[in-house]
1. What pairs in Lys19/Lys93; Lys19/Lys126; Lys46/Lys90; Lys81/Lys129 have C-alpha atoms more than 31 Å from each other?
2. Which GluC sites (Glu not before Pro) in the range 32-94 pass both tests, a DSSP loop state and at most 14 other beta-carbon atoms within 10 Å?
3. Of the chymotrypsin sites (Phe, Trp or Tyr not before Pro) in the range 17-57, which ones lie in a loop per DSSP and count no more than 15 other C-beta atoms within 10 Å?
4. Tell me the net charge near Asp147. Cut-off is 13 Å between Cβ atoms, Asp147 excluded, with +1 for each Lys or Arg and -1 for each Asp or Glu.
5. List the trypsin sites (Lys or Arg not before Pro) within the range 66-168 that DSSP assigns to loop and that have no more than 16 neighbouring Cβ atoms inside 10 Å.
6. Determine the distance separating the Cα centre of the range 60-82 from the Cα centre of the range 117-163; give it in Å without decimals.
7. Based on the mean of other beta carbon atoms within 10 Å per residue, what is the order of 97-104, 64-71, 147-154, most packed first?
8. Magnitude of the Cβ-charge dipole of the range 114-157, K/R +1 and D/E -1, about the Cα centre, nearest 20 debye?
Amino acid sequence: QSEIEVKSELGLPVNGITKERLEQMFNQACDYIDNKEMEESERIFKNIFKLSIFYIATSEDDIDYITNLILSCTEYLIMIKLNEKADKSKGDKFLYSQICILLSICKLRKPIHRFLMLRRAKIAAKNVKNYVTAIGLIQKMLSYEKDLQEYDDLGFDKLLQEYNTIKDKGNEKDYPFNIKELENRKINDVLYAESLEFINNKDKVYVCPL
């Protein structure tokens, strides 16, 4: 059966692409992320953008669905670009930690993806002795224990011990991208990924990094 269904009496598409097909593509893109095949994942997320214009919303639920799907794809695409930038910045542990902390606020649909970004950021924060942020990240990680029971070896049993070890340590200096400062930010509309600056200058022209 073709994905392009036509309501002949009106000559209009009933559903140029189905919700089932979009979900299949989204899940496939997430599988590629699980396998660390970021380029393939990026390609599919961008294809979802292209195909989303053929999704015909006939109800408020349909509108909510396609809106949320586009937002989810946006978050994943930003994550992929930041991940690429992080991989290239491992020689500078302070810059690397900043990018990892930014990755931790991407609103990824899959709980396991959010958890892994938090864990990566926590490790990077500890490596530069940014303990205040590390503690905040551990607290967030602990909140995922119930949702991720199907996964083994995520280290939840050690997180509380790790928290107690560093909870009384203060930071030696102020750090940019503190988790407390970032947690209320929306990364997809305030962050310019190329320079890692938050967009607050209306006179400056920013180029989309995607």
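1. Long pairs (Cα-Cα over 31 Å): Lys19/Lys93; Lys19/Lys126.
2. When the GluC sites (Glu not before Pro) of the range 32-94 are filtered for loop state and at most 14 Cβ neighbours within 10 Å, Glu37 remain.
3. Passing both the DSSP loop test and the Cβ count: Phe54.
4. +3
5. Within the range 66-168, the qualifying trypsin sites (Lys or Arg not before Pro) (loop, at most 16 other Cβ atoms within 10 Å) are Lys88, Lys90, Lys107, Arg109, Lys129, Lys146, Lys167.
6. 26
7. Output ranking for 97-104, 64-71, 147-154: 97-104, 64-71, 147-154.
8. Value, rounded to 20: 420 debye.
Taken together, the values in this text are just the output of simple stated rules run on the coordinates, not laboratory data. All of these numbers come straight from a predicted model, not from anything done at the bench. Glycine gets a Cβ as well: all are built from the backbone with ideal geometry, and neighbour counts include every protein chain shown.
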